[in-house]
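Take a look at the structure set out below.
The values are calculated or read from the model by the stated rules, or taken from the named source; none is laboratory data. This structure is a prediction, so every number in the text was calculated from the model and none was measured. No Cβ is skipped: glycine too gets one built from the backbone with ideal geometry, and neighbour counts run over all protein chains shown.
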Amino acid sequence: MRRRGVHSSKARSPQRVKESKTGPETAPRLCARPLRGWRNLGYSRGMKPQTHAPQPPLRALLRAAHKYLFLVAPLPHATGSVSALVGAGLAQHSLELLTEGALVAGVALALPASGWLCLALLCLADGFCRYREYQRLKGALRRRGFHPRLLAPVSTSRCQRDAALAAARELGHLTRARAHFRALGYRWWHLLPDGSVDNPLRFLDPAFLKTTFLPGKAPERTNASG
């Protein structure tokens, strides 16, 4: 009986055996494996939350700026930059004349300065609209593949053709897009929209302004019966 008592006192209880199995030796193994979806929630491997998302590298920002300024809408941004420089120079000279007391000359220079600055703002808006058109054409080319009908609504303007070529370049259709515009008779020196040489007031046409600043899908043609 004593041996049984001594043996029972030395024997480990089930609770102690359970604690030894889940002791400090095996506990870090269970905590060292994070859940699968925690990285997407902003947690690192050590279960520490990241307060700020990682910033994009400088090279990616420069590449996006180069694409936006020189590939998608080079003509609007070039025209806007020149207009802004001319308008700023005239505005500065106008302010100098006004401070000297030459009211008539200052106002005479302020009017064209405001016109050049307004043209710069319109060019910036045109460049942003061309970027939106580039995104729309890129999505259409990705979904449907290359087809000349997708480029038909953007063939009459050099700015729109540049946006279409930028979208085709990223998806591998640049050669076919260039061949399509070349077959229509367009060359690199065709800077003005179609019909603007014969009718300079076409820039004020509501249809032209709508297609320029509100790009969208071309209306589908329906065959009228009867």
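Could we say that Cys159 is in contact with a Ser or Thr (Cβ under 7 Å, 6 or more places away or on another chain) and buried (at least 17 other Cβ atoms within 10 Å of the Cβ) here? Spell out how you get there, then give the answer.
Numbers: in contact with a Ser or Thr (Cβ under 7 Å, 6 or more places away or on another chain): no; buried (at least 17 other Cβ atoms within 10 Å of the Cβ): yes.
For Cys159, the condition - in contact with a Ser or Thr (Cβ under 7 Å, 6 or more places away or on another chain) and buried (at least 17 other Cβ atoms within 10 Å of the Cβ) - is not met.
So which of Phe128, Phe208 ends up being of a type outside the set (Asp, Glu) and more than 22 Å from Lys67 (Cα to Cα)? Spell out how you get there, then give the answer.
Working: Phe128 fails: more than 22 Å from Lys67 (Cα to Cα).
Among Phe128, Phe208, only Phe208 is of a type outside the set (Asp, Glu) and more than 22 Å from Lys67 (Cα to Cα).
Quick one: which residue in Arg63, Arg59 is of a type outside the set (A, V, I, L, M, F, W, C), under 31 Å from the mean Cα position of the chain (by Cα), under 21 Å from Arg132 (Cβ atoms) and in a helix (DSSP H, G or I)?
On the way: Arg59 fails: under 21 Å from Arg132 (Cβ atoms).
On inspection, the qualifying residue turns out to be Arg63.
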ask   = Would it be correct to say that Leu117 is in contact (Cβ under 8 Å) with a residue 12 or more places away in the chain, over 19 Å from the mean Cα position of the chain (by Cα) and under 17 Å from Ala177 (Cβ atoms)?
value = no
task = Among the candidates Ala207, Ala179, single out the residue that is modelled with pLDDT of 90 or more and hydrophobic (A, V, I, L, M, F, W, C).
result = Ala179
